[in-house]
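Step one of this worksheet: look at the structure below.
We did not get these values from a lab; they are worked out from the coordinates using the rules stated. What you see is a predicted model, and the numbers here were worked out from it, not measured in a lab. All Cβ positions, even for glycine, are placed from backbone atoms using ideal geometry, and neighbour counts span all protein chains on display.
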Amino acid sequence: MSGRLEGTVAVVTGASSGIGEATAMALAAAGAAVAVAARRRDRLDGLVERIVESGGRAFAIETDVTVEAQAAQMVALTVQEFGRLDTLVNNAGVMLLGPVVDAPTEEWRRMVNLNLLGLLYCTHAALPHLIEAASKEPRSVADVVNVSSVAGRVARLGNGVYSATKFGVVAFSESLRQEVTTRHVRVTIVEPGAVTTELASHLRPEILEQMAQNFGGVEMLRSEDIAEEVVHAVTRPRHVSVNEVLVRPTEQER
């Protein structure tokens, strides 16, 4: 296993599948102790088992990040278990696409609560520990990685509210970067295009069918592709901050 992150601790939200799961595995392979958080405890336990079998250190925390107290507890348990926190990966999110007209507004609430409020709660709880870690060895730098989307750069027909949440992530991330950058807490936005994950499984059947038409024949990204970008960003030297990473499948036009 690589030791690039040896002696550091990361927490990854939405780690029960997809990008979060792959990122947790990649961070552990780079030497970090990793707390994995999500609502599906059985999935988390399986992930921890795989990380430990590979020689890493991991800890599962069943968490609903849309509940502020649970987000705070996630951070507290991570620090209690591993003694510090160097990297926060805000990956938990939901994508519920569709027209604005006659939309089920419960979908909007779910996206705002998870994609925005959950990310804010986790970041708020983690920042004091990240600032402290950035003042110490072994790396004297800490990282917040917020997983956004291509939809956080360009709003398109059918993704209005999803884009609104992801535009919000981008705005928050840049403001936070300016606030903490002189304290050596780096903020990175990762914006994936089309990735083969469970994200699309939450869509209504008619929307899923439309997506299949839009991306038919496109070789999609894999979760591991995005995980590699996260690890790249957080393993840069102390004086290098990767602020924004846009990753699309080669064949994706928009």
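Measuring nothing but how far apart in sequence close Cα pairs (under 8 Å, 6+ apart) lie, relative to its length, the chain scores a relative contact order of 19 percent.
Between LEU157 and THR182, the modelled label-to-label distance comes to 4.8 nm, taking each label 7 Å out from Cα in the direction of the beta carbon. Helical content of the chain, expressed as a calculated mean residue ellipticity at 222 nm, amounts to -13500 deg cm²/dmol (DSSP H runs of 4 or more residues, -39,500 (n - 2.57) each, divided by residue number, nearest 500).
If R0 is 25 Å, what FRET efficiency do you get for SER175 and THR105 from their C-beta distance, rounded to 0.05? Don't skip to the answer; put the middle values down first.
Working: r = 27 Å, r/R0 = 1.10.
Rounded to the nearest 0.05, the efficiency is 0.35.
Taking amide H as placed 1.01 Å from N in the peptide plane, ALA92 has its amide H under 5 Å from the amide H of THR13, GLY14, each at least 5 places away in sequence or on another chain. Between ARG238 and LYS136, the contour length at 0.36 nm per residue exceeds the Cα-Cα span by 35.5 nm. Our summary of shape: the Cα atoms of region 53-150 have principal axis extents of 53, 29, 26 Å, ordered from largest down, in whole angstrom. The distance from the alpha carbon centre of region 219-254 to that of region 15-63 is 19 Å, rounded to a whole number.
Taken one residue at a time, the phi angles of region 133-145 give Karplus couplings (6.51, -1.76, 1.60, θ = phi - 60°) of 4, 5, 9, 10, 5, x, 10, 6, 7, 9, 9, 10, 10 Hz. Gly and Pro are set to x. Overall, the anisotropy analysis places region 1-89 in the oblate class: the square-rooted eigenvalues a ≥ b ≥ c of its C-alpha gyration tensor yield a/c not less than 1.5, with a/b not exceeding b/c.
For the pair GLN73 and VAL52, a Förster radius of 22 Å applied to the C-beta separation gives a FRET efficiency near 0.45, rounded to the nearest 0.05.
The Cα trace of the chain gives Rg and Dmax of 17.3, 54 Å, the first to one decimal, the second as a whole number.
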